[in-house]
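Single-structure report; data block below.
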Amino acid sequence: MQQVLFLCAGLSIVTMAGIVFVLLNESVYSVLGDQAFFQEIPLWKFLTGTRWHWDSGEFGVWPLLTSTLQVALIGGLVSVPLGLCSAIYLSEYATPRTRRVIKPTLELLAGVPTVVYGYFALMFVTPYVLRPLFGLVGLEVGTFNGLAAGIVVGIMITPLVASLSEDAIRSVPQSLREAAYALGSTRFDVSVRVVVPAAFSGIVAACLLAISRAIGETMAVVIAGGQNTPGGGLAINPLREVFTMTSYIVNVSSSDVEAGSMEYKSLYAVGLTLFVITLLMNIVSQWVMRRFREAYQ
Amino acid sequence: MSSSLYSNSQTRGRWFEYVCLLATWSALFFLAVLLTVILWQGRGNLSMSFLSNFDDRLSPEKAGMLAGLWGSFWLMILTFLISVPVGIGAAIYLEEYSTDSWIARIIQVNLSNLAGVPSIVYGILGLTVFVRMFGIFAKGAIIERMTGNQVEGLFFAFGLNVPLPLGTTVISGALTLSLLVLPVIIVATQEAVRAVPGSIRHAALALGATKWQTIVTLVLPAAMPGIMTGVILSLSRAIGETAPLIMVGASTFLRATPADIEYPHELVTKPRATINAPFDEYTAMPIMVYSWAKQAQREYQGIASAGIIVLVTVLLTMNGLAIYIRNRSQQHLRW
Amino acid sequence: MFPTMTAEKPISLKPQVPLREPSAATDDVQRAIKLETRHLDFYYGNNQALHDISLQIPERSVTAFIGPSGCGKSTFLRTLNRMNDIIEGTRHTGDVLLEGTDIFDPRVDVVALRKRVGMVFQKSTPFPKSIFDNIAYGPRVAGLKDLSRLTEIVESSLKRAALWDEVKDRMRDSAMALSGGQQQRLCIARALATEPDVLLMDEPASALDPASTTRVEDLIFDLKSNYTIVIVTHNMQQAARVSDRTAFFYQGHLVEVGPTQELFTRPKEKQTEDYITGRFG
Ligand SMILES: Nc1ncnc2c1ncn2[C@@H]1O[C@H](COP(=O)(O)OP(=O)(O)OP(=O)(O)O)[C@@H](O)[C@H]1O
Ligand SMILES: [Mg+2]
């Protein structure tokens, strides 16, 4: 029986190994002897190229990367203040009863399927919020744009930032708060000058994790962000189309590309890039979190 | 320096509290707007026929979600059947058998890394391993070269027919979703198992129970509410997953349910169809929403919203169920 | 299979005064040795918790272990039914004999051993199941399925643990709903249901109020006519009240063991005297 249980647990290792193998097999070195992606497109060209044009064989990752970073950055700008303030409110101000109501509702926000967020961004945020707003200053907002996608992604990860930051804030010892109150601090001083700095690394870890989630987010950007960057170049303007790594992967897999073609293999190269970025962010986040926990034990 | 006890040192704090309150409520406000807009848009399209019709690209008013409902149903059943036993087994191993061995530590770290892998990467994994099976069954590929003929599937008793490679079938989707939810289920189960006090285990061992008996008769039943809460929550997450399903080939337009089972009673009256349904083509609720959202005609907005309402209703029901189980067990059990 | 179980509760001969005289009369009878340890050393990792313990425990009597906190009473008690096997990194040297059989012999089935040497813990440990299922747990894991047999066992065990009258109408209720004292007696009943010869109790009354403590003490007194009982206690009056023999432990050593009355009135060792008179650092 113990062996069976061990196999169950070992499956997670197999899964991780499987992901790594699958990504490497098509992009770096093919076990079955086909040409892998980076054997045809040199890695440095992939990593430094600023144009993504598969018709002309240009596979520079920066258009995709800037799109992804743009969405993640906007998502972070939305979710970090919102999530952090919610966390402070929930842990320092809210009565237990309010918390019991608000917390599950916030979690609901995280439970709404991402395809719904994408649809909402496309049908509501862009035409009814962004267009009128930027219309005032005479700027044109595209049907598909990075800003709307970034905003909904930000809202989507706010509960994650909030709940992880709240955990971090809660693990700041009560004695520290009491000491500060005893010195005549106001609640504001205690929250902003004592609790948040003490929980800082935990909060950083929370934000890193949330942003890595934003980077891997797919459907919202597929629907609201667009399917190409302006002219296939870098994505700079958040009011124009973006083409994130995740959108690209969906795009390729839902068009009828043939296995073995360059487009097909590029899917794995982009997947590998995405995987490496999110994995690194996760590892850093966990490392910071562990350091943080050790500090308070 | 004698300052008045009535001085107004709290004003700034008030402002800060309001800012925090505002932030909290703005997220909830967003949720309210989202739901209102969707309900408003979808209101005209919700009807019984929306649940019992197939998709329609020519006349939007006839479009319905039947194929997606059944597809999601099959996905959930299979994902549940695959991920729950494996997840519980893994958690039991980690909590009860491998206390602090190096392998357990590696698995544990690996679990939290897996939980952070974007769902679309699981889609790539599913596409390669389950849908295409590395292309080894393709025409002229390794299997054909070795066996001399092209293998297209395995045939078993009762007319069960397993295609090889698995292709864009329900089972490919379910296997992919299972891998996706497994880390979450394992961690939730571990927490539930850990919450069962050690004294209970020792008491059972002292009564002459074996370790396995202790786990089966005491630890698992006591942890079951926690496990089920975690399972339902992660399945409700899985039911809304779209990206990996697109990757593993859920159809964006399909006018059929898996194995043509369209009514619940047919699960019993057509056993042959029931066992073959996992190996049929499918679509799923979020996929249908996605494909409607992409349609240019205005009419499809209402359809997409109606689809979202159905999807979110299913999701909220599952979440409510999880909360109900959690609350009920909290009343029962206090160690 | 369970011959003693259907027997009526033996008539208790105890006087009704709270601090009763130890039953010196019964101690004169030469009793067979039920449990015996020889030169037992015990280690948690590199930490030696027991040093060269040699002790004999006569059958159908109550033996009390006393000593300051951390002196190894629980550790010693747990070696007697090999509960220490569960803790990783522990080892021992020396022998533990149950009726002359070495319980650490590789041929000994530890599950069978624990059925014969039952254990009751300091904190009551009801399972989150019904009262009935709690008591029936031991017989069930031993493979007994017959419901009428189980019902019989449950009833007789509860009677022996003096809990029957309080719970007989709510056998299907959760055991978690019982009071602390009732829970502890439930755990004793549950241990009795597996038909042990020996009952090990680690501070069974320390979490109970005085009334419940008295009930548990009465129970121990009643049970000793059929069982060999070993009890760890911090309460010296309790040791004096319920036990026939008392062993004093100090820093992992067995300092002194003898008839309870003698040990409390004429201790041979200075350390024992200091401890029982409360002159202990
Ligand atoms: N699981 C364990 N791992 C390591 N050391 C332990 C463990 N349990 C007990 N010890 C050590 O063994 C020694 C004896 O502990 P034990 O619990 O047997 O004492 P005790 O006499 O029962 O004390 P108390 O009266 O407080 O219950 C102590 O020094 C304790 O720290
Ligand atoms: Mg002890």
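Restricting the stretch A:229-251 to residues that are closer than 16 Å to A:Phe59 by Cα and surrounded by fewer than 20 Cβ atoms within 10 Å (Cβ to Cβ), the residue that is modelled with the highest pLDDT is A:Asn251.
Out of C:Gln237, C:Gln251, C:Gln261, one residue alone is among the polar types (S, T, N, Q) and under 18 Å from the mean Cα position of the chain (by Cα). It is C:Gln237. The number of residues in the stretch B:205-243 that are among the basic types (Lys, Arg) and either farther than 25 Å from B:Ala174 by Cβ or not assigned by TED's automatic domain parsing to the domain that holds B:Gly68 (or both) comes to 1.
Restricting attention to helices (runs of 4 or more DSSP H) lying wholly within the stretch A:170-246, give those where 3 or more residues are more than 23 Å from B:Ala243 (Cα to Cα) and free of Cβ contacts under 8 Å to residues at least 12 places away in the same chain. Filter on the stretch A:170-246 gives A:174-182.
The set of residues in the stretch C:87-122 being closer than 20 Å to B:Lys211 by Cα, surrounded by 13 or more Cβ atoms within 10 Å (Cβ to Cβ) and over 19 Å from the mean Cα position of the chain (by Cα) consists of C:Thr90, C:Phe104, C:Val108. Filtering C:Asp41, C:Asp85 for residues that are acidic (Asp, Glu) and within 28 Å of C:Lys224 (Cβ to Cβ) leaves a single hit, C:Asp85.
Residues in the stretch A:82-100 include none that are in a loop (DSSP other than H, G, I, E, B) and under 23 Å from the mean Cα position of the chain (by Cα). One residue stands out in the stretch A:1-33 among those that are among the aromatic types (Phe, Trp, Tyr) and part of a helix (DSSP H, G or I): the one that is nearest to the other protein chains (Cβ to nearest Cβ), namely A:Phe6.
Yes/no matrix, rows are residues, columns are (1) touching a strand residue (DSSP E or B) at 6+ places or on another chain (Cβ under 6 Å); (2) within 9 Å of ligand 1 (Cβ to nearest atom); (3) away from chain B (no Cβ under 14 Å):
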position	(1), (2), (3)
C:Ile57	yes, no, yes
C:Lys73	yes, yes, yes
C:Arg116	no, no, no
C:Phe121	yes, no, no
C:Pro126	no, no, no
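Once the stretch B:20-62 is narrowed to residues that are loosely packed, with under 13 Cβ neighbours inside 10 Å and within 11 Å of another protein chain (Cβ to nearest Cβ), the residue that is farthest from A:Tyr93 (Cα to Cα) is B:Trp40. Taken as a whole, the structure leaves B:Ala188 outside the set of residues that are part of a helix (DSSP H, G or I) and at positive phi.
For every residue, the table says whether it meets (1) touching a Ser or Thr at 6+ places or on another chain (Cβ under 9 Å); (2) within 10 Å of chain B (Cβ to nearest Cβ); (3) small (Gly, Ala, Ser).
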residue: A:Phe200; (1), (2), (3): no, no, no
residue: A:Ala206; (1), (2), (3): yes, no, yes
residue: A:Thr229; (1), (2), (3): yes, no, no
residue: A:Leu239; (1), (2), (3): no, no, no
residue: A:Leu274; (1), (2), (3): yes, yes, no
residue: A:Ile277; (1), (2), (3): yes, yes, no
residue: A:Val288; (1), (2), (3): yes, no, no
residue: A:Ala295; (1), (2), (3): yes, no, yes
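Please list, ordered by residue number, the helices (runs of 4 or more DSSP H) wholly in the stretch B:196-283 having 3 or more residues that are crowded, with 18+ Cβ neighbours inside 10 Å. Correct list: B:198-206, B:220-239, B:243-247. Selection of the stretch A:51-104 for residues being basic (Lys, Arg) and touching a residue at least 60 places away in the same chain (Cβ under 8 Å) yields A:Arg51, A:Lys103.
For A:Ala269, the requirement of being of a type outside the set (S, T, N, Q), touching a helix residue (DSSP H, G or I) at 6+ places or on another chain (Cβ under 7 Å) and closer than 22 Å to A:Thr158 by Cα is not met. Check whether at least one residue in the stretch B:172-186 is more than 29 Å from A:Asp256 (Cα to Cα) and more than 10 Å from chain A (Cβ to nearest Cβ), and report yes or no. Within the stretch B:172-186, one or more residues are more than 29 Å from A:Asp256 (Cα to Cα) and more than 10 Å from chain A (Cβ to nearest Cβ).
Of all residues in the stretch C:200-217, which are more than 16 Å from ligand 1 (Cβ to nearest atom) and either among the polar types (S, T, N, Q) or assigned to a strand (DSSP E or B) (or both)? Those that are more than 16 Å from ligand 1 (Cβ to nearest atom) and either among the polar types (S, T, N, Q) or assigned to a strand (DSSP E or B) (or both): C:Ser212, C:Thr213, C:Thr214. Any residue in the stretch A:157-177 that is among the polar types (S, T, N, Q) and over 27 Å from A:Arg293 (Cβ atoms)? Looking for residues that are among the polar types (S, T, N, Q) and over 27 Å from A:Arg293 (Cβ atoms), one finds none in the stretch A:157-177, hence no. Selection of the stretch C:44-74 for residues being among the aliphatic types (A, V, I, L, M) and either within 16 Å of ligand 2 (Cβ to nearest atom) or on the phi > 0 side of the Ramachandran plot (or both) yields C:Ala49, C:Leu50, C:Ile53, C:Ala64, C:Ile66.
The values are calculated or read from the model by the stated rules, or taken from the named source; none is laboratory data. Note that the coordinates shown come from a computational prediction; the quantities given were computed from them, not determined experimentally. Counting neighbours? That spans all protein chains shown, and the Cβs are built from the backbone with ideal geometry, glycine included.
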